[in-house]
Amino acid sequence: MNDRKRQVLRTAQRLFIENGFPMTSVQQIIDEAQISKGTFYNYFKSKNDCLLAILQDAYEEATVLRRELLTNENRQDPEVFIEQVTIRLILNREQNLLPLYEAVFYSGDPDLISYIERHFKDELFWMSDRLHDLFGPAIEPFAADVTLLFTGMMKQYLHFSHPKFQLPIDAKKLITFIYEQIEQIVPAIIERNEPFVGDAIFKKLGAPSTAPLLSKQVVEQALFTFKQECGDELQQHQLEYMSFFEEELQRDTLRTTLLHHMVQLFRRSFEHTKWESEADALSHLIWQYMDQQT
């Protein structure tokens, strides 16, 4: 993503929040970003497409940050789970995304609504999987119920973080509090052995969304493109990270532990730089490829 496109996205996001998504026109974005109409439509097919790009950026950033927290050694650590859930809440707050999610539901646009529903479903499946990690196989018949309890409690508490209530809520404290309640509830649910919805609700939702299967060539091309775009601005250690990725892709078996560490170093080396968004997107792509290979 070049500087101009990033500027357009940030301008559009600010206008959507200040004026409301329905009340913001493409022309307003064009005027505020000081670009031509042709430039806007070169980047986005429509205003809705622009909003999707904003939400997708935030989704990828949260996914990468969550993934970086997780290793095979700490999947059973409640603190890791709490941090993972907290990350998305913090990003939503920092980027003021909640009004944009609300705008999607009020828009009536089937593509926008489908996008949000897909990620909501994926979030439920993600949380259910993580609860399996934390509470073990015994939670299997009750994972959907516990997931709904957790997300329902979170939603209701977050409702009171709205400015009109003047009740600022510490995201991590909230998630820690909810997890501690769930931790007390789960043994009783398992003992009674009476799931309310069981896995029926997840069967109705269908399978979680799956990312397109990535070939090695796709990742190699993404690395090449990123390197070309950055040009002489890449520092030596950043070039070394990318060389490592290129070499790792040639191996028959990925060294996942080492690759896990290097992806984190790579992404963090671009924090607060003009290439931060591109580095996040590339990290997300590498994580996808790693997950599909293991």
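Only one entry of 70, 91 meets the criterion of being of a type outside the set (Lys, Arg) and within 25 Å of residue 15 (Cα to Cα), and that entry is 91. When the residues of the stretch 65-120 are filtered to those that are touching a residue at least 60 places away in the same chain (Cβ under 8 Å) and assigned to a loop (DSSP other than H, G, I, E, B), which remaining residue is nearest to residue 46 (Cα to Cα)? Filtering first and then ranking leaves 109. Looking at 182, 169, 139, 178, just one residue is open to solvent by less than 20 Å² (accessible area, probe 1.4 Å), out of contact with any strand residue (DSSP E or B) (no Cβ under 6 Å at 6 or more places or on another chain), among the β-branched types (Val, Ile, Thr) and within 24 Å of residue 96 (Cβ to Cβ), and that residue is 178.
Yes/no per residue for (1) modelled with pLDDT of 90 or more; (2) surrounded by 15 or more Cβ atoms within 10 Å (Cβ to Cβ); (3) among the acidic types (Asp, Glu):
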| site | (1), (2), (3) |
| --- | --- |
| 58 | no, yes, no |
| 88 | yes, yes, no |
| 102 | no, no, yes |
| 106 | no, no, no |
| 111 | no, no, yes |
| 115 | no, yes, no |
| 146 | yes, yes, no |
| 149 | yes, yes, no |
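Matching residues to (1) of a type in the set (Phe, Trp, Tyr); (2) closer than 24 Å to residue 272 by Cα; (3) crowded, with 18+ Cβ neighbours inside 10 Å; (4) free of Cβ contacts under 8 Å to residues at least 24 places away in the same chain:
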{"residue": "11", "(1), (2), (3), (4)": "no, yes, yes, yes"}
{"residue": "21", "(1), (2), (3), (4)": "yes, no, yes, no"}
{"residue": "39", "(1), (2), (3), (4)": "no, no, no, no"}
{"residue": "45", "(1), (2), (3), (4)": "no, no, no, yes"}
{"residue": "48", "(1), (2), (3), (4)": "no, no, no, no"}
{"residue": "52", "(1), (2), (3), (4)": "no, yes, yes, no"}
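Could you tell me whether any residue of the stretch 41-56 is in contact with a His (Cβ under 9 Å, 6 or more places away or on another chain) and not polar (S, T, N, Q)? Checked against the condition, which is being in contact with a His (Cβ under 9 Å, 6 or more places away or on another chain) and not polar (S, T, N, Q), the stretch 41-56 yields at least one hit. Within the set 155, 121, the sole residue that is open to solvent by less than 50 Å² (accessible area, probe 1.4 Å) and among the charged types (D, E, K, R) turns out to be 121.
Checked against the criteria, residue 129 does not count as part of a helix (DSSP H, G or I), acidic (Asp, Glu) and touching a Phe, Trp or Tyr at 6+ places or on another chain (Cβ under 9 Å). Residue 31 meets all of the listed conditions (1) without any contact (Cβ under 8 Å) to a residue 12 or more places away in the chain; (2) within 25 Å of the chain's Cα centre (by Cα); (3) more than 27 Å from residue 273 (Cβ to Cβ); (4) assigned to a helix (DSSP H, G or I) but one, namely (2). Of the residues making up the stretch 59-113, those that are among the hydroxyl-bearing types (Ser, Thr, Tyr) and within 23 Å of residue 285 (Cβ to Cβ) are 59, 63, 71.
Check whether at least one residue in the stretch 37-54 is among the hydroxyl-bearing types (Ser, Thr, Tyr), under 23 Å from residue 158 (Cα atoms), out of contact with any strand residue (DSSP E or B) (no Cβ under 8 Å at 6 or more places or on another chain) and part of a helix (DSSP H, G or I), and report yes or no. No; the residues of the stretch 37-54 include none that is among the hydroxyl-bearing types (Ser, Thr, Tyr), under 23 Å from residue 158 (Cα atoms), out of contact with any strand residue (DSSP E or B) (no Cβ under 8 Å at 6 or more places or on another chain) and part of a helix (DSSP H, G or I). Residue 91 meets each of the listed conditions (1) in contact with an Asp or Glu (Cβ under 9 Å, 6 or more places away or on another chain); (2) more than 18 Å from residue 55 (Cα to Cα) apart from (2).
The values are calculated or read from the model by the stated rules, or taken from the named source; none is laboratory data. Here the structure is a predicted model, which is why all the values come from computation and not from measurement. Methodologically, a virtual Cβ is constructed for each residue, glycine included, from the backbone with ideal geometry; neighbour enumeration extends over all protein chains shown. Side chains are part of the model used for accessible areas, which takes the heavy atoms of the whole protein and leaves out ligands, DNA and RNA. Shrake-Rupley method; radii C 1.70, N 1.55, O 1.52, S 1.80 Å.
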